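The values are calculated or read from the model by the stated rules, or taken from the named source; none is laboratory data. The structure displayed is predicted, hence computed values, not measured ones. Using ideal geometry, Cβ is built from the backbone for each residue, glycine included, and neighbour counts are taken over all protein chains shown.
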Amino acid sequence: MIGAVMKRTVVAAAVLLMLGGCAQQPAPSPQKACMNAAQLNSYGYDHLEKVAKLLREDKKNIASFELFINVMKGTVDNYSDMIKSSVYISNVVRYLPVPYAGEVSNTTKLISKTLLNLGGAASALNRYKNSSDTFLAGFDKLNRANLNAADVSKLAAYADTKLLSDARALEDSLNEISSSTAMMSATTQSISDALDSTSAYVDQAKSFVGLSQPGGDDKNKVAQNRSSINTRMAQLNQKIVSLEKSGQANRYNIAKARIYSELALQIDSSSQK
């Protein structure tokens, strides 16, 4: 019993010691922190440096987003032209049970939505590029040999609010494009299936609306569009995964930088009293 009581007493004393400071202080004296403001600033700087390094590494990938958005717009335009340029394909979309389409009006809405999402992604990309450049410019002004807690804290706060917010907005925009692109892919696949189908239902539907057999040119258009859309969708998903991965690392390092820099500010403030 006495041994158990002693053990609990030692554990409690150890916890108080760790929470109270690096070394046990006399009761009347103020307890001393394990790390001073300079050390905390240095740790905060280290995490901001990791963010800056990752942003610079991602610059090439981010630059490719602009090209991708323009290419994707061309893919959507080709998809629209495929439906408009062929009476047969337009009738297939209008009358046959094609997922996400069913009616030309719904297909038009899908095209408009995708183009709207691409425009939103372009705006989100510009905001993210600007906030990244602002962060990097602020980081380059920091002097590791003479760090100021207020400067480190201000940059960490900017990264935590503006930079991460813009990164999340870009991720959301790209996910919206991915969703509408998946719908386009499914629609194109269904159109292709309808063109090749020999089922009694589809044959009756074609006969009812007066559809003749599709020409080879119609099938080629659909096949080319399906291939292009699927390629763009795969590229887009790769970019989303890359952006999400870097975003997770940045969120971790920025959170750490904020904690260290705010603690440094508190220590500086306490020492001035």
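Observations
- Every pair of residues 6+ apart whose Cβ atoms lie under 7 Å, when the first sits in region 246-273 and is without any contact (Cβ under 8 Å) to a residue 60 or more places away in the chain while the second is of a type in the set (D, E) and in a helix (DSSP H, G or I): none
- Region 126-164, residues that are more than 18 Å from Y260 (Cα to Cα), small (G, A, S) and touching a residue at least 24 places away in the same chain (Cβ under 8 Å): S131, S132
- Count of region 102-123 residues, restricted to those that are more than 17 Å from M184 (Cβ to Cβ) and either out of contact with any helix residue (DSSP H, G or I) (no Cβ under 6 Å at 6 or more places or on another chain) or modelled with pLDDT of 95 or more (or both), is 1.
- Selected residue [under 19 Å from the mean Cα position of the chain (by Cα), more than 24 Å from K60 (Cβ to Cβ), in a helix (DSSP H, G or I) and of a type outside the set (A, V, I, L, M)] from T114, T107: T114
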